[in-house]
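Here's the structure we're looking at; comments come further down.
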Amino acid sequence: TRRIVLAARPHGEPKDSDFRFEEAALPELGDGQALLQTLDLSLDPYMRGRMSSAKSYAAPVEIDQTMVGATVSRVLQSTDSSFAPGDIVLGYGGWQTHSVESTSYLRTLDTSSVPASTALGVLGMPGFTAYSGLLTIGAPKEGETVVVAAATGPVGSAVGQIAKIKGARAVGIAGGPDKVAYLTDELGFDAAIDHRADDFADQLKAAVPGGIDVYFENVGGKVFDAVLPRMNTYGRIPVCGLVANYNLTELPDGPDRSGALMGQILSRSLTVRGFIQTEFANDQFGSFLRDASGWVADGSLKYREHVAEGFDNTLDAFRGMLSGKNFGKTVVRIAE
Ligand code: NDP
């Protein structure tokens with residue numbers, strides 16, 4: 001296999017020298033294992049956390065270990081009769097061209113009506129994150145206003161569209177005019193705003209005349225600062241991610257505002273609840289897959305992929321995703 005291992009813990013934006021490309025021999029297949037060829041590698045923001053040794057909900061990738069990640073792969077060999085050569089499976093092969101995995105981690109994908117790569121995005125972990133976090137914690141009611149940033153990415157785009165399906169108003173925040181136009185013109189968001197605009201906070205205020213009932217937090221930073229004063233009493237904030245912070249090396253300048261934040265939570269009776277999607281998976285993944293597959297089929301849940309061609313482009317694609325150069329779910333196409 002060709003693989004990318006973590007060579008050093010990145011400080012700020014990950015550099016090429018924080019990683020190493022290697023050739024390695026894969027182990028012989030044991031019982032209940034399969035040899036897989038990676039077709040598509042998923043790149044996701046949580047991987048930045050795995051590069052760090054800071055305490056988190058999951059163990060870090062160790063130095064000299066292969067970077068982790070979900071993969072769509074073709075079975076080349078298998079010692080488990082439920083997986084045959086040629087099957088297309090969802091696994092967790094990591095940043096490498098081939099892998100040997102325990103078949104208990106694999107799920108065979110039906111690619112008759114959707115591309116296999118949707119299992120990494122709209123019909124996979126990011127779609128499920130949107131579904132579970134929005135419906136369980138955000139619980140939008142008909143006519144309420146839902147705001148989400150990173151709104152053209154796989155999580156945010158599903159949050160806004162599921163909000164619409166549930167009869168709420170969806171307001172999306174994204175970087176740049178093309179993404180903003182896509183939100184209203186293609187995905188049916190009621191309004192969309194560019195977070196890089198100088199008058200971003202004023203534009204947001206104008207887009208939510210009735211205030212905000214649910215803010216699905218993907219980014220933090222300046223977006224959160226603009227959102228917080230617009231939250232309605234009894235508003236809900238599912239805290240899903242803080243991508244604006246992931247490459248930060250120190251706290252931003254200025255006074256500590258946590259007291260003011262707590263004051264707003266108190267005086268507006270806000271519910272702020274963080275979550276990791278795995279906590280909902282046992283109870284909700286089945287209903288998610290049924291609902292979301294139906295919505296994709298009837299056109300009410302659209303998706304867009306940002307495909308980086310070739311394994312050598314993995315590092316650029318990863319940095320690009322954290323800084324907004326992706327337009328849709330980021331995957332690296334390693335083989336056809
Ligand atoms: P995306 O594909 O949306 O990529 C991240 C996007 O964040 C970028 O494309 C960029 O879009 C936006 N962004 C980056 N920096 C900033 C900034 N400073 N201000 C505003 N926007 C910024 O990622 P995903 O859809 O995969 O993930 C979205 C969020 O969900 C992440 O925070 C991720 O960590 C979180 N997540 C959490 C899970 C959980 O279980 N809690 C599970 C899965 C994801 P733009 O160009 O529009 O600015």
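The values are calculated or read from the model by the stated rules, or taken from the named source; none is laboratory data. Owing to the predicted nature of the structure, the values given are computational and were not obtained by experimental measurement. Heads up, the Cβs are rebuilt from the backbone with ideal geometry, glycines too, and the neighbour counts pull from every protein chain shown. Note: accessible area is taken over every heavy atom of the protein model, side chains too, but ligands, DNA and RNA are not part of it. Shrake-Rupley method; radii C 1.70, N 1.55, O 1.52, S 1.80 Å.
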(message) Using just the Cα positions, wrap segment 125-274 in a convex hull and report its mean projected area in square nanometres, one decimal place.
(response) 8.7 nm²
(request) Please list, in chain and number order, the residues 5+ apart from residue 98 or on another chain whose amide H is under 5 Å from its amide H, with Hs placed from the backbone. (result) 2, 38
(message) What percent of all Cα-Cα pairs in segment 62-131 falls into each 5 Å bin, going from 0 up to the bin containing the maximum distance?
(response) 4, 16, 26, 22, 18, 10, 4, 1, 0
(message) Could you compute Rg(Cα) / (2.2 N^0.38 Å) for the chain, with N its residue count?
(response) 1.02
(request) Could you calculate the contour length gain from residue 307 to residue 233, that is, 0.36 nm times the residue separation minus the distance between their Cα atoms, to one decimal place in nm? (result) 22.5 nm
(request) As a check on your grasp of the helix formula, calculate [θ] at 222 nm for the chain: sum -39500 (n - 2.57) over DSSP H runs of n ≥ 4, divide by the residue count, round to the nearest 500. (result) -8000 deg cm²/dmol
(request) Provide the per-residue ³J(HN,Hα) series for segment 240-254, in order, calculated from phi with Karplus coefficients 6.51, -1.76, 1.60 and θ = phi - 60°, each as a whole number of Hz, with x at glycine and proline positions. (result) 9, x, 9, 4, 5, 9, 4, 9, 5, 10, 8, 5, x, 4, x
(message) Could you report the chain's accessible area per residue, 1.4 Å probe, as an integer in Å²?
(response) 46 Å²
(request) Among DSSP beta bridges lying fully in the chain, give the percent that are antiparallel, nearest 5. (result) 55 percent
(message) Please give the charge dipole size of segment 125-274, origin at the Cα centre, charges +1 on K and R Cβ atoms and -1 on D and E Cβ atoms. Round to the nearest 20 debye.
(response) 520 debye
(message) Can you work out the Karplus-derived ³J(HN,Hα) for every residue in segment 324-334? Use 6.51 cos²θ - 1.76 cosθ + 1.60 with θ = phi - 60°, whole Hz, and x for glycine or proline.
(response) x, 7, 7, 10, x, 5, 7, 10, 9, 8, 9
(message) Over 14 Å apart: what share of the alpha carbon pairs of segment 181-263 falls there, rounded to a whole percent?
(response) 71 percent
(message) Could you give each residue of segment 32-42 its phi-based ³J(HN,Hα) in whole Hz, using Karplus coefficients 6.51, -1.76, 1.60 with θ = phi - 60°, and x for Gly or Pro?
(response) x, 10, 9, 8, 10, 9, 6, 9, 10, 9, 7
(request) Starting from the amide H of residue 301, placed 1.01 Å from N in the peptide plane, find each other amide H under 5 Å away whose residue is 5 or more places distant or on another chain. (result) 296
(request) Would you pull out the residues with amide H under 5 Å of residue 145's amide H, same chain only if 5 or more places away, H placed 1.01 Å from N? (result) 169, 213, 214
(request) Sketch the reach of a paramagnetic label on residue 249 as a point 7 Å from Cα along Cα-to-Cβ, and name the residues of segment 1-37 whose backbone nitrogen lies under 18 Å away. (result) 7-19
(message) Pairs on different chains or at least eight residues apart, Cα atoms closer than 16 Å: how many lysine pairs in the chain fit?
(response) 9
